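Participant: Here you go, one structure.
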Amino acid sequence: MELSAALDSRTSAGRLTEPGPTPQQLDRILKAGARAPDHGRLQPWRFIVLEGTMRDAFIKTAAEAKRARLPGMTDEQLAAERDKINRSPTIVVVACVVNREQTKIPEIEQFAAVSAAVQNMFLSAHDLGYGVMWKTGAAAYDHDVKAAVGLKPDDHIVAILHLGTRLK
Ligand SMILES: Cc1cc2nc3c(=O)[nH]c(=O)nc-3n(C[C@H](O)[C@H](O)[C@H](O)COP(=O)(O)O)c2cc1C
């Protein structure tokens with residue numbers, strides 16, 4: 001796909017199903033992320049591909065984070081929320097681990113670099129024919145969710161990137 005065609009046709013995919021990107025395609029998507037403009041070449045991005053027990057822990061804590069925001073959620077609604085997150089074949093948490101050992105590049109610029117990385121990834125996956133949804137929500141700001149994916153409270157989750165085959 002031409003870049004201009006990719007830019008013109010990019011939209012979010014509200015519902016995803018299998019298959020997700022192959023390991024080789026996922027590698028291309030992550031490499032596209034790492035090509036983002038990055039003031040000071042600090043590479044503040046972290047691409048956390050959720051698999052196995054980490055994926056399970058993420059789904060559990062992300063659903064709990066939603067319930068913390070909506071305390072009326074029943075156990076059935078909590079289970080439905082877990083199922084909904086789990087429907088995405090591939091989930092990549094894109095985080096900004098701010099380099100605070102230097103003072104030249106402010107935090108907001110490091111966050112901006114990671115945001116550019118997310119968009120590169122989105123367009124790369126779109127170019128490969130996959131549906132993408134950039135999410136945040138309560139999960140992105142929850143310390144238990146961050147811990148579940150190996151992040152510290154002062155790290156930022158910039159995107160919870162859902163990838164797969166587009167249903168709509
Ligand atoms: C920083 C950021 C956070 C987002 N978080 C959510 C989210 O939590 N839930 C959601 O449904 N969409 C989320 N979106 C996706 C936007 O809502 C989506 O891009 C918007 O609905 C426009 O649709 P389009 O991408 O098809 O143009 C987020 C987008 C950005 C840039």
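The values are calculated or read from the model by the stated rules, or taken from the named source; none is laboratory data. Keep in mind it's a predicted model, so treat the numbers as computed, not measured. Virtual Cβ from ideal backbone geometry, glycine too; neighbours counted across all protein chains shown. We work out accessible area using only protein heavy atoms, side chains counted, and drop any ligands, DNA or RNA first. Shrake-Rupley method; radii C 1.70, N 1.55, O 1.52, S 1.80 Å.
Participant: Loop only per DSSP, at most 16 neighbouring Cβ atoms within 10 Å: give me the trypsin sites (Lys or Arg not before Pro) in segment 75-106, ordered by residue number.
Facilitator: Sparse-neighbourhood loop trypsin sites (Lys or Arg not before Pro): Arg87, Arg100, Lys104.
Participant: Using the heavy atoms of the protein chains alone and a 1.4 angstrom probe, what is the accessible area of segment 129-168 per residue in square angstrom? Please report the intermediate quantities before stating the final value.
Facilitator: Details: 1830 Å² over 40 residues.
Per residue, segment 129-168 has an accessible area of 46 Å².
Participant: Taking 23 Å as the cut-off for C-alpha to C-alpha distance, list the pairs among Lys60/Lys152; Lys31/Lys84; Lys66/Lys152 that go past it. Walk me through the numbers on the way to the answer.
Facilitator: On the way: Lys60/Lys152 18 Å; Lys31/Lys84 28 Å; Lys66/Lys152 20 Å.
Distance filter (> 23 Å) returns Lys31/Lys84.
Participant: Can you compute the helix-only [θ] at 222 nm over the chain? Use -39500 (n - 2.57) per DSSP H run of at least 4 residues, normalise by all residues, nearest 500 deg cm²/dmol. Before the final figure, lay out the partial values.
Facilitator: Working: 6 runs with 75 residues, N = 168.
Using -39500 (n - 2.57) per qualifying helix, the result is -14000 deg cm²/dmol.
Participant: Counting only protein heavy atoms, what percent of the accessible surface of segment 1-131 is carbon or sulfur at a 1.4 Å probe?
Facilitator: Whole-percent figure for carbon plus sulfur exposure: 51.
Participant: Oh, and also: May I ask you to give the solvent-accessible area per residue for segment 22-77, in square angstrom, as obtained with a 1.4 angstrom probe?
Facilitator: Working: 3670 Å² over 56 residues.
Per residue, segment 22-77 has an accessible area of 66 Å².
Participant: Taking the mean number of other Cβ atoms within 10 Å as a proxy for protection, how do you rank 150-158, 25-33 from highest to lowest? The partial results should precede the final answer.
Facilitator: Details: 150-158: 16.0, 25-33: 18.6.
The densest-packed peptide leads the list: 25-33, 150-158.
Participant: Now, a different point. Over the chain, what is the relative contact order in whole percent, taking alpha-carbon pairs under 8 Å and six or more residues apart?
Facilitator: Details: 280 pairs, mean separation 67.0, N = 168.
Normalised by residue count, the contact order of the chain is 40 percent.
Participant: So how much accessible area does Trp134 have, in Å² to the nearest 10, using a 1.4 Å probe?
Facilitator: Answer for Trp134: close to 90 Å² accessible.
Participant: Can you list the residues, at least 5 places off or on another chain, whose amide H is less than 5 Å from the amide H of Leu16, using H built in the peptide plane?
Facilitator: Under 5 Å from the amide H of Leu16 lie the amide H atoms of Leu167, each far enough along the sequence or on another chain.
Participant: Within segment 81-129, report the GluC sites (Glu not before Pro) that DSSP leaves as loop and that have at most 11 other Cβ atoms within 10 Å.
Facilitator: Values: sites: Glu81, Glu101, Glu107, Glu109; in loops: Glu101.
In loop regions of segment 81-129 (DSSP not H, G, I, E or B), the sparsely surrounded GluC sites (Glu not before Pro) are Glu101.
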